[in-house]
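One structure below.
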Amino acid sequence: MVSRRVFGLGVALAALLVAGCEKDDPNEIKVGAYLSLSGADSTFGTDTREGIELAVEETNAAGGVKGKRIRVIYEDDKSTTHEAVQKVRQLIDRNKVVALLGEVASSRSLAGGLIANTSKVPMVTPSSTAVEVTKNRRWVFRSCFTDDQQGAVGARFIWNDLGKKRVGVFFAAQDSYSSGLARAFRDEFKKLGGEIVIDKGYQKGETNFRTYLSELKAANPDVLFVPNYYNEMVLIARQAREVGIPGSMFVGGDGWDSSNLVAGAGAELEGAHFTNHYAPDVPWENSKKFVTAFTAKYEHEPTSLTAQGYDAAKLLFDAIERAPETTPASIRDALAATKDFKGATGTMTMDKDHNANKPIVVVRIQDKKFVYATQILAE
Ligand code: PHE
């Protein structure tokens, strides 16, 4: 008779062996996802993962892809570009994934995308909007709009909908997302006839914005355009209140989308607006279906990142289904041929630069909640 202890050891050993030299399961298709599941932008990663999980669950419940189960292997890049590079290498070399999902932040999609591109493994970023992310990268795609489009829409919203003409711009100078979006905004706002009365870049990682905010206020703008991420925006909004800048003066971009924004500075940002991929109450049929399915599983509202993660995963699975073979090259070609794919965040057609053109939603912060304000078509 085998003693319980020896048996237990045997089981542990077998488990170790399985983990060490993972056998390929012929009934499974492996996809890698690299995300900021911890660190400075952790809600970007965890929100996106929830969306991907729902997409996987629905897809597998409906028979999988090419009759096989989809398995997504998640890796945490801890919100750093260095780890993003390592994780992408690991997913490709060790796990032999056929395609990648990730990242959210443009700086990390740029870094991870370089590896995907040179390794010839297709990657779909759900939410990275900086123009360079897909530029000249044959293997990198996005299921969202670009900052050229988003910046222009922000400018048109301020000019046409808010009817404001004097704007101050405040952005994170060394961040590809923030500085690129600020640039696109300025170009369009000036074209419309608007005036940029003050333009300031801060260093990423700064926490005391009071001197900047006093200068911004002294320039007497009607609106402040602040295209940054939610964690910095919480500090800026709180300090803005101290110097007497009302929340309704702020307009931002999709980087604001986090429940932490309203949890941290909901009152300070009352009446502010930002351009986004989606809003929980956006009047689109597919979005409503998604919100219902999501809230049934998770018992909380999805953010835009969740919807984007869901769409990127579904768009990728659809491409794998259409690809003649389950190889990275075949999947790449199928991704490039995506046409009228109906997602929760709009209908997507991959253009020649691998960008999905979708309407851009404007969200208003009202009673510490994100509410749909309007939608504007990117040009
Ligand atoms: N668009 C941002 C970037 O490119 C990421 C982001 C998307 C953040 C959506 C929040 C919501 O870096």
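Here the 3J(HN,Hα) profile of the range 208-225, calculated from phi with Karplus coefficients 6.51, -1.76 and 1.60 at θ = phi - 60°, is 10, 9, 4, 5, 4, 5, 5, 5, 4, 5, 5, 6, 6, x, 7, 9, 10, 9 Hz, Gly and Pro shown as x.
The GluC sites (Glu not before Pro) of the range 189-269 include none that meets both conditions, a loop assignment by DSSP and at most 11 other Cβ atoms within 10 Å of the site Cβ.
The dipole here belongs to the chain: it is taken about the Cα centre, uses +1 on the Cβ of Lys and Arg and -1 on the Cβ of Asp and Glu, and is about 540 debye. With the convex hull drawn around the C-alpha atoms of the chain, the volume per residue stands at 151 Å³. For a paramagnetic label modelled on Asn286 (point 7 Å from Cα along Cα→Cβ), amide N atoms under 12 Å away belong, within the range 137-163, to 143-144.
Under 5 Å between amide hydrogens, built in the peptide plane, is the criterion, and for Gln375 it picks out Val362 among residues at least 5 positions away or on other chains. In this structure, the pairs whose alpha-carbon distance is over 27 Å, taken from Lys165/Lys288; Lys190/Lys217; Lys297/Lys339; Lys96/Lys342; Lys289/Lys358, are Lys165/Lys288; Lys297/Lys339; Lys96/Lys342. Positive contributions from Lys and Arg (+1) and negative ones from Asp and Glu (-1), summed over other residues with Cβ under 11 Å from the Cβ of Ala323, come out at -1. Computed over neighbours whose Cβ is under 11 Å from that of Ser106, the net charge equals -3, Lys and Arg +1, Asp and Glu -1.
Express as a percent, rounded to the nearest 5, the fraction of DSSP beta bridges in the chain (both residues included) that run antiparallel.
Bridges in the chain that DSSP calls antiparallel: roughly 35 percent.
Solvent-accessible area of Leu162, all protein chains in place: 60 Å² (probe radius 1.4 Å, heavy atoms, ligands and nucleic acids excluded). Phi angles across the range 344-357 convert, under the Karplus curve 6.51 cos²θ - 1.76 cosθ + 1.60 with θ = phi - 60°, into 3J(HN,Hα) values of 6, 10, x, 9, 10, 10, 6, 8, 5, 8, 6, 10, 9, 8 Hz, Gly and Pro given as x. For the range 35-171, taking the reciprocal of the average inverse distance between every pair of different Cα atoms yields a Kirkwood hydrodynamic radius of 16.4 Å. Straight Cα distances below 19 angstrom link Lys352 to the aspartates and glutamates Glu132, Asp147, Asp148, Asp318, Asp333, Asp340, Glu379, with same-chain residues fewer than 8 positions distant left out. Would you mind counting up the charge near Met233? Only other residues with Cβ under 11 Å from its Cβ, with Lys and Arg at +1 and Asp and Glu at -1. Result for the neighbourhood of Met233: -2. Entry note: the range 220-350 has Rg to Rh equal to 1.10, where both radii use alpha-carbon atoms and Rh is the Kirkwood radius. Only helices enter the 222 nm calculation for the chain: every DSSP H run of n ≥ 4 contributes -39,500 (n - 2.57), and dividing by all residues gives -14000 deg cm²/dmol, rounded to 500. Each semi-axis of the equivalent ellipsoid for the range 148-276 is √(5λ) with λ an eigenvalue of the Cα gyration tensor; in descending order they amount to 20, 15, 15 Å. In the chain, Cα pairs under 8 Å separated by at least six residues give a relative contact order of 17 percent. Farthest toward the positive end of the dipole of the range 148-276, out of Tyr230, Ala263, Ala152, is the Cα of Ala152, where the dipole comes from beta carbon charges about the Cα centre. Subtracting the Cα-Cα distance of Ser38 and Arg138 from their residue separation scaled by 0.36 nm leaves 33.1 nm.
For Ile29, the residues whose modelled amide H falls within less than 5 Å of its own, excluding neighbours fewer than 5 places apart on the same chain, are Arg69, Ile70, Arg71. You can think of it this way: the chain between Ala267 and Leu192 has 23.8 nm of extra reach, that is 0.36 nm per residue less the Cα-Cα gap.
Backbone geometry of the range 267-279 corresponds, through the Karplus equation with coefficients 6.51, -1.76 and 1.60 at θ = phi - 60°, to 3J(HN,Hα) couplings of 5, 5, 9, 3, x, 6, 10, 8, 7, 8, 8, 5, 9 Hz, x marking Gly and Pro.
The values are calculated or read from the model by the stated rules, or taken from the named source; none is laboratory data. What you see is a predicted model, and the numbers here were worked out from it, not measured in a lab. Virtual Cβ from ideal backbone geometry, glycine too; neighbours counted across all protein chains shown. Heads up: the accessible areas ignore ligands, DNA and RNA and are worked out on the full protein's heavy atoms, side chains in. Shrake-Rupley method; radii C 1.70, N 1.55, O 1.52, S 1.80 Å.
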